[in-house]
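The values are calculated or read from the model by the stated rules, or taken from the named source; none is laboratory data. Note that the coordinates shown come from a computational prediction; the quantities given were computed from them, not determined experimentally. Note that each Cβ is placed from the backbone with ideal geometry, even for glycine, and that neighbours are counted across all protein chains shown. Heads up: the accessible areas ignore ligands, DNA and RNA and are worked out on the full protein's heavy atoms, side chains in. Shrake-Rupley method; radii C 1.70, N 1.55, O 1.52, S 1.80 Å.
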Amino acid sequence: MARGASVSKSGYLPTNVNVNWSSPNGSSLLATTANGDLVKRNSASAARTDVSFLDEHLKSAYHPAGKAIASIGTGVGSDGELTLGIWIADNTGVGPKLIVSDESAAELDDLVYSANGDVLFFTAKHEMETHVHSFEAFDGLGIAFDSSKPIGMLTSSASEERVAVSVGNCSGVVETWFGSKADEFRSVSEFGITGSVTPVGWLPGRRLAVLVRPSGCTGPGQLRVVHTDEATSWVVAEGVSVAGVRSPHAIPNELAVSIGSQVVA
């Protein structure tokens, strides 16, 4: 972790791609471990706190208000049986509750909250296609986007209810699509951007940073910023292999949780 002119250890291996900043202040780093635990490390000292609330955690995300954690994994349901789904607990791992249960044998992956904290987006790989689902405590489960190609790299805007995903196999050409539960998703290929395009993250004003490569999802490429409302884009840098964004967060709503579980469609 870098702090001005200083750098300190995060406590996580660089191969762990499931590391996320806590919300709303980034005082901790949250990650699942190789053995399925959920661990927080203080961003100042890397002191470790185990906040596991499931038998196995796969992916986790902080609610933007900072008082709860959502996690894909396996826990004991109300019937006493092990259940795969999306669970939520407070930020210390107390009071786990099943909010989305997987009864369709989908492969759940990638989950992020919307900027206001009202919508949880996640991907579910079914036999023939992959869905980007949106879940709201009072409106239930919906499908925001679907494709017969692999979907990954789900990234959420910190200031608006909008997400972006990669669509395609990383061994070939990948597209970046963006939208929200209320919008019709669009591909950045409509903006005249060609090649293999993967999302980096969102900047304020509905601007999306992407990496453009000849093919695949790794290696050097062209870093571009796309203005998703004006259908324009511009080059920021060439020969970029890894990039990230950091932007001001919207003021989120408090967590609202439905008592009953929802079933993945």
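Some notes on this structure:
- Residue that is nearest to residue 156 (Cα to Cα), among those in the stretch 205-235 that are open to solvent by less than 30 Å² (accessible area, probe 1.4 Å) and touching a helix residue (DSSP H, G or I) at 6+ places or on another chain (Cβ under 7 Å): 210
- Residue within the stretch 86-98 that is open to solvent by less than 80 Å² (accessible area, probe 1.4 Å) and at pLDDT below 85 present: no
- Every residue from the stretch 181-204 that is under 20 Å from the mean Cα position of the chain (by Cα), touching a residue at least 40 places away in the same chain (Cβ under 8 Å) and surrounded by fewer than 20 Cβ atoms within 10 Å (Cβ to Cβ): 185, 186, 201, 203, 204
- Of the residues making up the stretch 55-72, those that are of a type outside the set (S, T, N, Q) and in contact (Cβ under 8 Å) with a residue 40 or more places away in the chain are 58, 59, 61, 62, 63, 64, 65, 66, 67, 68, 70, 72.
- Within the set 136, 175, the sole residue that is crowded, with 16+ Cβ neighbours inside 10 Å, among the acidic types (Asp, Glu) and closer than 22 Å to residue 103 by Cα turns out to be 136.
- Residue count for the stretch 75-85 satisfying the condition of being surrounded by fewer than 18 Cβ atoms within 10 Å (Cβ to Cβ) and in contact with a Gly (Cβ under 9 Å, 6 or more places away or on another chain): 2.
- Evaluation of residue 101 against the conditions (1) modelled with pLDDT under 95; (2) touching a Lys or Arg at 6+ places or on another chain (Cβ under 6 Å) shows that the sole unmet condition is (2).
- Strands (runs of 3 or more DSSP E) wholly inside the stretch 1-72 containing at least 3 residues that are crowded, with 17+ Cβ neighbours inside 10 Å: 28-32, 38-42, 56-62
- Matching residues, the stretch 196-205, being of a type outside the set (S, T, N, Q) and modelled with pLDDT of 95 or more: 197, 199, 200, 201, 202, 203
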